[in-house]
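Data block below; observations after.
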Amino acid sequence: MQGKLSFWSACLRMLESHQRRFPMLPDIQNLIELQAADREIKRLRDEIASLPKRQAEIEAKLAGTKAALEKAKAAVKGDEAARRKFESAIGDLQQKISKYRDQSLDVKTNEQYKALLHEIQFAEQEIRANEDKILELMVNAETREKEVKAAEAELKEETAEIEKEKIAARQRTVEDEKQLAQWTGTREKARAAVNPDLLRQYDRVAKYRGSGLSEVRDHKCMACQVMLRPQTFNEVRSGSEPVFCDSCQRILYYDSTHEAPVEPAAVSKKRRHHPKFDAPQAWYYREEYGDSGEVFLAFINDHGRSTRRLYDAATGRQLGDIFEREGEYRLAFPEDISNDSSAIRLNGSWELAEIEEWGSELPMNILDVLQRDLHLARAEAKTSMPHEAHAVEHPAAS
């Protein structure tokens, strides 16, 4: 829970530090916290709802492996039954041959003797045919046994793995329900602190659009990407009263930490450090990345291969799985860092072991480092010449 709240707590602290310059209504601050809680509650509920489905998939997979084992065992039993049938038939034929030979001693005519001899030959042919079938079954028996042993080994391994998954799913559910209760408390506290009329507007828009609150940045609503009129933008920035987006009807707010002006003299006095172009590790920011929105991307070269990790820029939560390709990252992931991608190169270099210890979420201090460097990169881009601004996105070795 501490990690989940860290980013929003940090945001609120930064917002408070800018209150004198760009005041923010208490209702807006509470709505920011409310929207963060609403999003996390939705994520947790979706995850909790998906766990039974995942468990059903696990059970179905195990049932399929059990069915394969039962089929292999049934084939072995079928072969054994067929072998007993052929052996019984051979025994019956041998008795017939013995009977025909006894009868041949008592025959009176040559024709009768030939008839009995014919019956004996026919029985002997039947015996050879049954023996061939038994031999074929004996050859197949080795293959059948291997199939049974392989199915038993697979079932044993899969059962152990599935039990681990079940335990992990149960633990995840318990943890999700615990976090859900905490976020629900945060949500109720934030709702109680918001003006009822403003809360109704938030609920109404959130019901149809998924969110009822949107940040204003670069003179536009970040939710619907529609530019605001200058007067509307100034009203939002002043923070004197609630303002709504004319396009999507979301409640608008201005976060001065994202667009804080930087004095040109300060930039020329001490320039932002640029990461080395050929560094084995690189961090980038993308304002739009597929359906994920704002993200941080981490690329790491490792023994002729490279990996890409994707993190939500707001919460620090890892998105998807770690993606690995052949070659160093500039050649392996050109679509993520090309000129057309508008990726901003950031300062950041941590040991791989440390990154792996973070798990599925960036620690608060790491997220703050990336956010601060992103802010400096944007400020530098605004005060630089066009070719220098381009260098912020794809810096060469300094």
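Derivation of every value follows stated rules applied to the coordinates shown; laboratory data play no part. Here the structure is a predicted model, which means the values were calculated and not measured. Methodologically, a virtual Cβ is constructed for each residue, glycine included, from the backbone with ideal geometry; neighbour enumeration extends over all protein chains shown.
If the cut-off is a Cα-Cα distance under 13 Å, which aspartates and glutamates reach residue 96, setting aside same-chain residues fewer than 8 apart in sequence?
119, 124, 126
Tell me which lysines have Cα within less than 23 Å of residue 220's Cα, excluding those fewer than 8 residues away on the same chain?
207, 382
Any idea what diffusion coefficient the range 195-259 gets from Stokes-Einstein, in µm²/s, Kirkwood Rh on alpha carbon pairs, 4 °C, 1.567 mPa s?
This corresponds to a translational diffusion coefficient of 110 µm²/s.
Rule-of-thumb check for the range 181-326: C-alpha Rg over 2.2 N^0.38 Å?
Taking N as the residue count of the range 181-326, the ratio is 1.36.
Just to be sure I understand: if I project the alpha-carbon convex hull of the range 162-240 onto a plane and average over all orientations, what area do I get in nm²?
Mean shadow area of the hull around the Cα atoms is 8.3 nm².
Assuming 0.36 nm per residue, please report the length gained on full extension of the stretch residue 125 to residue 155 beyond their Cα-Cα distance.
Result for the pair: 6.4 nm of gain on full extension.
Give the lysines whose C-alpha is closer than 30 Å to that of residue 164, dropping any in the same chain fewer than 8 places away, or say none.
List returned: 4, 42, 53, 61, 66, 71, 73, 146, 149, 156, 178.
Please check: in the Gaussian network model of the chain (C-alpha springs, under 10 Å), which one of 33, 147, 47 has the largest mean-square fluctuation.
147
With springs only between Cα atoms under 10 Å, which of 74, 193, 313 fluctuates most in a Gaussian network model of the chain?
Highest fluctuation of the listed residues: 74.
Helix-derived [θ] at 222 nm for the chain: sum -39500 (n - 2.57) over DSSP H runs of at least 4, divide by residue count, nearest 500?
Helix contribution divided over all residues of the chain: -22000 deg cm²/dmol.
Given contacts defined as C-alpha pairs under 8 Å and at least six residues apart, what's the relative contact order of the chain, whole-number percent?
Value for the chain: 17 percent.
Students often get this wrong, so try it: which of [x] 37.5, 134; [y] 23.4, 77; [z] 29.2, 93 is Rg and Dmax of the Cα atoms in Å as calculated from the structure shown?
Computed from the coordinates, Rg and Dmax of the Cα atoms in Å corresponds to [x].
For the range 268-393, report the convex hull volume of the alpha-carbon atoms normalised per residue, in Å³, without decimals.
110
At a 10 Å Cβ-Cβ cut-off, how would you order 236, 107, 216, fewest neighbours first?
Starting with the residue having the fewest Cβ neighbours, the order is 107, 216, 236.
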